[in-house]
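These notes are about the structure you will find just below.
The values are calculated or read from the model by the stated rules, or taken from the named source; none is laboratory data. Everything quoted here is computed from the prediction, not taken from an experiment. With ideal geometry, Cβ positions are generated from the backbone for all residues, glycine too; neighbour counts draw on all protein chains shown. Surface accessibility is based on the protein's heavy atoms, side chains included, excluding ligands, DNA and RNA. Shrake-Rupley method; radii C 1.70, N 1.55, O 1.52, S 1.80 Å.
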Amino acid sequence: MPTTARVLPNSQTLLDKRQVQVRRLRVVPPPHVARPAPFLKWVGGKGKLLPLLRPLMPQGKFRYAEPFLGGGAVFFDLRAEDRLEHALLCDVGRDLVGACRVVRDELPALLARLQAHETHYLSENEENRALYFYAVRNRHPADFAMDDVERAARMLFLNRTCFNGLWRENRSGRFNAPHGRYANPGIVQADKLQAAHVALQGVDIRQADFRALPELVQDQRVEFVYLDPPYHPLSTTSSFNAYSGGQFSGKAQAELADVCRRLDRMGVRFLLSNSDCGFVRDLYAGFDVGTIRAARSINCKADSRGDVDEVVVRNYVN
Ligand SMILES: C[S@@+](CC[C@H](N)C(=O)[O-])C[C@H]1O[C@@H](n2cnc3c(N)ncnc32)[C@H](O)[C@@H]1O
């Protein structure tokens with residue numbers, strides 16, 4: 001646009017007028033509610049796969065549960081489409097669940113704490129930013145008195161400023177990703193948090209292991225469950241699934257398949273994502289097992305590039 005405008009003076013005048021109008025519009029913006037989306041960057045997040053997952057979901061509205069919440073890409077999408085009559089969200093991650101509750105219930109206090117982190121962090125040079133990051137990282141909730149809001153602000157700050165924006169804990173449940181050195185990591189993101197706050201109103205958010213799912217589903221009359229567990233590794237070198245301080249073993253995958261069979265017997269529809277391998281296919285033999293093509297991620301073959309198939313298991317067809 002600027003090049004064309006220089007060659008044609010009349011267009012330049014028009015462009016100037018339009019820019020004035022745009023500037024005026026910006027001063028008084030129309031009411032705008034952002035579409036809800038994950039407010040945490042999460043390894044294994046399903047954001048990019050939504051166009052492939054949406055057609056696999058049941059039609060219409062339903063009472064919903066998601067036992068491996070992570071960033072909650074599928075929940076937020078369903079909420080944005082007004083498909084949920086009720087939602088139950090669970091994860092084992094203590095910090096994750098706490099942060100979701102704080103976004104739901106205490107947003108103004110959270111925004112204030114994040115603003116304080118951002119002001120401090122952005123005012124420092126690169127070296128001091130790293131020092132600040134490690135000071136926040138080392139101040140672990142297990143060792144220091146910390147209210148829920150401070151704990152949530154700590155998680156969001158670390159998630160936005162760490163290398164690659166992930167949440168990774170060691171075996172003792174301590175976040176251990178290194179500093180990321182991003183020029184402007186966007187620590188507050190008030191619009192995103194406001195949209196998530198609205199989407200989470202009335203939602204039941206619990207710290208729970210997936211093995212507790214059938215009882216919760218029964219109590220809350222859930223009709224459809226989306227399950228996105230840590231993927232079964234395709235090779236021993238690709239077994240990164242330590243979101244919450246523990247590994248998700250083959251035994252856990254087998255117990256999860258039992259949970260799905262229980263849901264099926266209860267008449268509850270489920271859709272499950274996992275890596276495409278014989279072990280997973282055997283666990284879900286008898287159900288509808290399809291594949292979708294996903295961009296290669298940290299969970300997939302460490303020795304190959306390009307896209308990989310993931311399995312999608314369902315106990316219903318649309
Ligand atoms: C692949 S991620 C989910 C990603 C999510 N679908 C998204 O779009 O961001 C798997 C999640 O399972 C959680 N998790 C691991 N073991 C679990 C368990 N035993 N019970 C419940 N959640 C568990 C992890 O904390 C992690 O958040």
Each label point is 7 Å from the Cα along the Cα-to-Cβ direction; what then is the distance between the points at His140 and Glu126, in nm? 2.9 nm
Taking a 26 Å limit on the Cα-Cα distance, which of the listed pairs Lys192/Lys251; Lys48/Lys251; Lys41/Lys251; Lys48/Lys192 fall beyond it? Lys192/Lys251; Lys48/Lys251; Lys41/Lys251
Ellipsoid equivalent to segment 96-201 - semi-axes via the Cα gyration tensor, in Å: 21, 17, 12
Would you mind calculating the gained length between Asn184 and Met266 on full extension (0.36 nm times residue separation, minus the Cα-Cα distance), in nm to one decimal? 24.6 nm
Where Met146, Met155 fall by accessible area, highest first, once all protein chains stay in place (1.4 Å): Met146, Met155
Along Cα→Cβ, 7 Å out, is where each label goes; now give me the distance between the ones at Asp309 and Glu215 in nm to one decimal. 3.9 nm
